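Below you'll find the structure, written out as structure tokens, and then a few comments.
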Amino acid sequence: MDPFDSAVSERLKAVPHTPGVYLFKDARSKVLYVGKAQDLPDRLRAYFGKQENLPDKIQRMVSRASDFEYLVTHSVSEALILENTLIKHHKPPYNTRLRDDKTYPYIKIDLKEDFPLVYFTRRVQNDGARYFGPFAGAGSVRQTLDLLKRLFPYRSCTKPITGKDERPCLEYYIHRCVAPCVGYASKEEYRQVIDQVLLFLEGKTETVLAQLQEEMQKASTALRFERAAVLRDEVRAVQRVSEEQKVVSTKRKDMDIVALLRARDEAWVEVFFIRNGKLTGRDHFTMEGAEEEPTPRILAQFVRQYYDQASFIPPEVLLPEPVEDQALVQEWLAGKRQGRVVLSTPRRGERRKLLELVAENAAQAQRAAKVKLQAGDEAQERAVRELQEALSLPRPPRRIECYDISNISGSDPVGSMVVCQDARPLRSAYRRFKIKTVEQVDDYSMMQEMLRRRFSKLLPVLQPDAPKSTTEDPKWTAVPDLVLIDGGRGHLSAALQVFLELGIATQRVPLASLAKEREELFLPNVPEPIRLPRHSPALFLVQRARDEAHRFAITFHRQRRSKRQVRSVLDQVAGIGPKRRRLLLTRFGTVGAIRDASLEDLTAVPGVTRDIAQRLKEQL
């Protein structure tokens, strides 16, 4: 966008003098940058004045921009919220933003359930459930869930609880569940366990201990010595965890402490969670697009984006520097918390020492992550080189595509394609296939159908004389350095036949198969299988690719089978067609929930009469 274009000047004159949000876009209408302003035209003119006054990063953004648009708001606070939402949605490359490949994970406890479960989830809904997070990754959530399961005997099964099962599962006998399934714990007793989980996640371990000790004393007084012994073990376990939670403040306060380290165009943010004066947890996050951005702006973006998703906002957040628009950000936080929130940067005293402690831990964690990454890179490179040598490949297998088929007796057959780029999963390139032309149980033909559909899209790249498509997807036209088939010699022969039909030379696109029984690799025109050393990094690489393709195929197959079964059950009920079926599943989610719903709940769904609801209940 030419900043001195007369058309731009005319457009700026038409922009109203109100708070709002503005977006810069490139020629393909991709959002490059999102910003907020108290006065839109004044802020926008800054981008179209003397370019040397702008940071280099913003100069590059303006040079790529071909258009801008704006949205007016009633206040700067509204602009702040809208800016945050748009950054999260569009992920503009010139904004500083939390790295977010998908969505951050949470722990969910739905208190509307009679016997609530403790879930791992990536979706936060306004459904009345309690959410804890966000966590930086799935590993952090699973560590927390493992700890919770060791401490509290809540159920981990997903079956309906009737209290009439014949016997409890193993978890009851190892004191990991109170067995409501057989009626050993009532709804109220089970709810006490969940309440203790909630208190623990809120950092209130002393309250949990007091409750457990009181229950233990009551059980002992009632001569229920076995129950008292179980509670005693729980008390000791929670006490050990409580002792490991370092006391960092003599004042029993809730606060988060944030440290920030810069690294090229990224920023490493470490957060310590202080609850009731104790360090209950820590996590780290990565901010992208931090190049040339001042620290106060990066901190402001982190605070806004992190606490926009956080399940709990403490009354105080310690920061290494004041954030940009601090008063505005504090006001926004207070609105979300429905209580006062202070962003403070202490210069001396106990709280300053806490900041320094977190900064030191952040530096240590960042160094450890770099060492681990470098070691991982070296191991991945060694695996790639070993695989190239073992299979006599013309080039290092940087891109490996692995294929698998999943079906049960020929029903709902599907195929999967997973991609490893430089020995790491490239999930954005994964593809799923519904097998459409093979009706009988024939894995070879199913594999061939999938490979024909995939590699026919690659012909314009491999064969210069092939007709070009105007709608070529670059994700389909990447040439693999190795195609790996899950199976033995027969699967390899079936794949090779497709390559011969399409005129694809195996020297150009190398082909191999991996048989699971002996972990043998088969190559075209090579009579003997290749067996990699048992602890070879190359073997681990092809095994990971094969197992990932298998997992991806099975997951898709289960989804298809489940949908078909749901349709078949509901479609058998007279009066329920596609529209009512969709409304019922939207309202209740599962067939089980529909079965358990009352007639009044069912008739509340548009189009479901009492007669239809009665037939539905009888059928299910």
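Every number in this text was worked out from the coordinates using simple rules, so none of it is lab data. Because the structure is a prediction, the values reported are computed rather than measured. So basically every Cβ, Gly included, is an ideal-geometry build from the backbone, and we count neighbours across all protein chains shown.
Things worth noting here:
- Rg and Dmax of the stretch 255-366, Cα atoms only, in Å: 13.2, 37
- Per-residue extension of 0.36 nm, minus the Cα-Cα distance of residue 366 and residue 505, leaves a gain of 45.5 nm for this segment.
- Amide hydrogen neighbours beyond the local backbone of residue 154, cut-off 5 Å, H modeled: none
- Separation of the residue 439 and residue 214 label points, Cα + 7 Å toward Cβ, nm: 6.8
- Residue order, fewest to most beta carbons within 10 Å, for 513, 9, 344: 9, 344, 513
- Here 387, 539 are placed in order of increasing Cβ neighbour count within 10 Å, fewest first, which gives 539, 387.
- Calculated P(r) tail over 21 Å for the stretch 491-603, as whole % of Cα pairs: 60
- Fewest-first ordering of 347, 531 by other beta carbons within 10 Å of each residue's beta carbon gives 347, 531.
- Debye intensity ratio in log₁₀ form over the Cα atoms of the stretch 572-619, taken at each q of 0.15, 0.26 Å⁻¹: -0.29, -0.98
- In the stretch 6-95, Rg over Rh equals 0.94, where Rg is the alpha-carbon radius of gyration and Rh the Kirkwood radius from pairwise Cα distances.
- Length-normalised contact order for the stretch 110-244 - Cα pairs under 8 Å, 6+ apart - percent: 19
- Debye-sum result for the stretch 126-174 in log10 I(q)/I(0), which assumes one identical scatterer on each alpha carbon, at q = 0.13, 0.28, 0.30, 0.33 Å⁻¹: -0.48, -1.15, -1.19, -1.25
- Length-normalised contact order of the chain in % [C-alpha pairs under 8 Å, at least 6 apart]: 8
- Cross-link pairs 108/617; 164/204; 253/353; 112/617 - those with Cα-Cα distance over 24 Å: 108/617; 164/204
- Pair-distance distribution P(r) for the stretch 325-429, from all Cα-Cα distances in 10 Å bins starting at 0: 11, 18, 19, 16, 18, 14, 4, 0 percent.
- Under the span-like rule (Cα at least 30 Å along the axis, Kyte-Doolittle mean at least 1.6), DSSP H helices of the chain: none
- Cα gyration tensor of the chain - equivalent ellipsoid semi-axes, whole Å, descending: 43, 41, 29
- Quotient of C-alpha Rg and 2.2 N^0.38 Å, computed over the stretch 399-550: 1.02
- Working note: Cα atoms of the stretch 110-244, range along each principal axis, descending, whole Å: 45, 39, 25.
- Beta bridge orientation in the stretch 482-620: antiparallel %, DSSP, nearest 5: 50
- Across the stretch 255-366, C-alpha contacts under 8 Å between residues 6 or more apart give a mean separation that, scaled by the residue count, equals a relative contact order of 30 percent.
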